[in-house]
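The values are calculated or read from the model by the stated rules, or taken from the named source; none is laboratory data. All of these numbers come straight from a predicted model, not from anything done at the bench. We place every Cβ from the backbone using ideal geometry, glycine too, and count neighbours over all the protein chains shown. Calculation scope for accessible area: heavy atoms of the full protein, side chains included, ligands and nucleic acids excluded. Shrake-Rupley method; radii C 1.70, N 1.55, O 1.52, S 1.80 Å.
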Amino acid sequence: PIRVLLAIRDEQLANLERHAALLPDVLRVRYAIEGLRVPEAMEAIAGPAPALFTTSDAEQLARDLAKRRVRLANGKQALITSDRIEPMHIQLACDERFARGGRAGPLSKPQDPEEALVRFYDLAVARAASGFGAERKIRQCLGSRLVTPEGTRSSQLRGRNNVGGLPFKLVDNLIEQRIVRAEERAGNTWYEVVHDRLAAPIQTSNEAWFAAQKKARRGWRFVGFMLVFAAIVVGLTYLGQLGWNHWQGLQGDKKGLEGQLTSLGDDHKKLSEQLEYSRAELAGEQRRVLLEVG
């Protein structure tokens, strides 16, 4: 006898129903797989890798991951303890710890699970954009094309040269980082975010990232303004110093001319005195000559 176990997402159940005629009575046996309870989560955490997690570590991580961020009636957000744990949260925390060789990292520390998903998304986008400098483009595509404003997933058709304006290489990087997955439908390739639980963290992360970028741009504009202002002040100071030096030079030239004028006045006075003396001598000489002649 052959036994087949199918694990399928809720939104894909309709596709399975199309083949119900080929499997009579088989598809009637269904079980909804919900989140894990704390003991089940502890088993999932420590069971596959007992060398990385002690029982107390697994219990602490499971209880931390059981917390949920909810919005209260007054609009504020708070963490509440749930009796269920999302398998995806366990996968992210354990995968990161395994990659670190058993050392706890930012995703496996006690924390808000929503924040863990945000950090997971931040790290994945940074890795996908590494070497391309396209983090802004990636975030814009994910936030506007693959996630709706209501916080649900959307699909994007593979174009001739890109996917929603994103080059194929960057899309492949996102698939490698487990942010995006591809699916063949009716001969076309569609792309979507790998899990519904990532939609809200993508929005949260993008909002914070773009706000930080905007703040940084304002900061750089202020720095640029201050540099321009400083350059103007330095330029005006330099021009003022040149003007002052030129004025002092003119003052020196003025004093020199005044000295020359004073000297010329003294020379003119001496020449006038000498001229008067010469005239007096000439007049005396003329009278003497007249007396001798007469």
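What to note about this one:
- Taken over the stretch 47-88, residues that are small (Gly, Ala, Ser), under 21 Å from Leu117 (Cα atoms) and in a helix (DSSP H, G or I) amount to 2.
- Condition met for Gly219 (more than 22 Å from the chain's Cα centre (by Cα), farther than 30 Å from Ile8 by Cα and not aliphatic (A, V, I, L, M)): no
- Taking the criterion of being of a type in the set (A, V, I, L, M, F, W, C), surrounded by fewer than 20 Cβ atoms within 10 Å (Cβ to Cβ) and within 26 Å of Glu96 (Cβ to Cβ), the residues of the stretch 125-169 that qualify are Ala126, Ala129, Phe132, Ala134.
- Test for Glu114: is it surrounded by fewer than 16 Cβ atoms within 10 Å (Cβ to Cβ), of a type in the set (Asp, Glu) and at pLDDT below 90: no
- Applying a threshold of 9 Å to beta carbon distances and a minimum spacing of six or more residues, or different chains, the list of pairs starting in the stretch 184-204 at a residue that is over 24 Å from Glu114 (Cβ atoms) and without any contact (Cβ under 8 Å) to a residue 40 or more places away in the chain and ending at one that is among the hydrophobic types (A, V, I, L, M, F, W, C) and part of a strand (DSSP E or B) reads Glu184/Trp190; Asn188/Leu157; Thr189/Leu157; Thr189/Val163; Thr189/Ala182; Trp190/Leu157; Trp190/Ala182.
- For the stretch 55-66, residues that are surrounded by 17 or more Cβ atoms within 10 Å (Cβ to Cβ) and over 38 Å from the mean Cα position of the chain (by Cα) total 0.
- Considering the stretch 27-54, the residues that are exposed (fewer than 11 other Cβ atoms within 10 Å of the Cβ) and among the β-branched types (Val, Ile, Thr) include one that is modelled with the highest pLDDT, namely Ile33.
- Flag if Tyr238 is more than 30 Å from Met88 (Cα to Cα) and surrounded by 10 or more Cβ atoms within 10 Å (Cβ to Cβ): yes
- When Arg178, Arg217 are checked against the criterion of being within 27 Å of Glu86 (Cβ to Cβ), open to solvent by 60 Å² or more (accessible area, probe 1.4 Å) and modelled with pLDDT under 90, Arg178 stands alone in meeting it.
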